[in-house]
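The values are calculated or read from the model by the stated rules, or taken from the named source; none is laboratory data. As the structure is a prediction and not an experimental result, all values here were calculated from the model. Neighbour counts run over all protein chains shown; Cβ positions are idealised from the backbone, glycine included.
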Amino acid sequence: MIGASGCAYNPKYAKQIKLTKPRVYVVKKGDTLFDIAKKYRVSVGSIKRENRLKSSTIKPGQRMTIPSKRSSNRRGTQSRKVKKKAPQTKAEKSIPPIKAPKINVRLSWPIKDKMTITSKFGVRKNGKHDGIDLAAVRGTKILAAAGGTVLFSGYGPTGYGLTVLIKHTENIFTVYSHNDKNLVKKGKKVKRGEAIATVGKTGRATGDHLHFEVRVNRVAYNPIAYLPKRK
């Protein structure tokens, strides 16, 4: 439990499920795990488990085993049996955060109405938190942080719930999760400040909020490093 409006997402999944007659997909240029999961109607999390992926980074030519539909929950519910995470050592706790690289895209806050940051970026009790959580009233409009193209709109990785993924440049992406409703579809061109979804608590969430990520070259960095200071 993270608080009244935090994500309860844990990247450590249960044991891999044995599948019969596995399907194999060869990654093409421009593919994302979101696209592959949607194509085969399975969850992103199940693909990561099946291929033992530690991140969402994939490369052209990479062979991916696609799990059967019955082993994948499209809404991203996690298996009940989860291996307990070993406590962090003093050395791990002392590792400094990775400095966010400079980008050539100016981002704005995805929520303009009243909201509160309820969970910060970084390591917490149940794993690494790849974004920030912004608590707001259900139905509050979620806005595109910058102009770009919608790469994905639907149920995202395990625990993320309804998600929108926007591509701003070849290597800069933003992610908006736990939405109550998505207002845009894949392929739509959006402008900065355009409404793309509404705040909710789909997926693994304990209250209405937006989970917001900034990814550069597929790696998640602290969104606060790119957002303007709040007044």
The stretch 210-231, residues that are more than 12 Å from SER119 (Cα to Cα), crowded, with 20+ Cβ neighbours inside 10 Å and aliphatic (A, V, I, L, M):
VAL214, ALA220
Does TYR160 fit the bill of being aromatic (Phe, Trp, Tyr), modelled with pLDDT under 95 and not assigned by TED's automatic domain parsing to the domain that holds VAL42?
yes
Checking the conditions here, which among SER108, SER153 is small (Gly, Ala, Ser), in contact with a strand residue (DSSP E or B) (Cβ under 8 Å, 6 or more places away or on another chain) and over 25 Å from ARG230 (Cα atoms)?
SER153
Since VAL137 meets every condition but one in (1) modelled with pLDDT of 95 or more; (2) in contact with a strand residue (DSSP E or B) (Cβ under 9 Å, 6 or more places away or on another chain), which condition does it not meet?
(2)
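Just to check your reading of the model, which residue among GLY122, GLY127, GLY45 is modelled with pLDDT under 85 and either assigned by TED's automatic domain parsing to the domain that holds LYS181 or aliphatic (A, V, I, L, M) (or both)?
Numbers: GLY122 fails: modelled with pLDDT under 85; GLY45 fails: either assigned by TED's automatic domain parsing to the domain that holds LYS181 or aliphatic (A, V, I, L, M) (or both).
It is GLY127.
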If I go through the stretch 164-194 residue by residue, how many of them are in contact with a helix residue (DSSP H, G or I) (Cβ under 9 Å, 6 or more places away or on another chain), modelled with pLDDT of 95 or more and surrounded by fewer than 23 Cβ atoms within 10 Å (Cβ to Cβ)?
0
Evaluation of VAL164 against (1) more than 21 Å from LYS39 (Cβ to Cβ); (2) free of Cβ contacts under 8 Å to residues at least 40 places away in the same chain; (3) in a strand (DSSP E or B); (4) not polar (S, T, N, Q) (one fails), failing number
(1)
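Give the residues of the stretch 148-161 that are buried (at least 23 other Cβ atoms within 10 Å of the Cβ) and part of a strand (DSSP E or B), sorted by residue number. Let's see the steps before the verdict.
Start the filter on the stretch 148-161 by keeping residues that are buried (at least 23 other Cβ atoms within 10 Å of the Cβ), which leaves 152-153, 155-161.
Of everything in the stretch 148-161, those that are buried (at least 23 other Cβ atoms within 10 Å of the Cβ) and part of a strand (DSSP E or B) turn out to be PHE152, SER153, TYR155.
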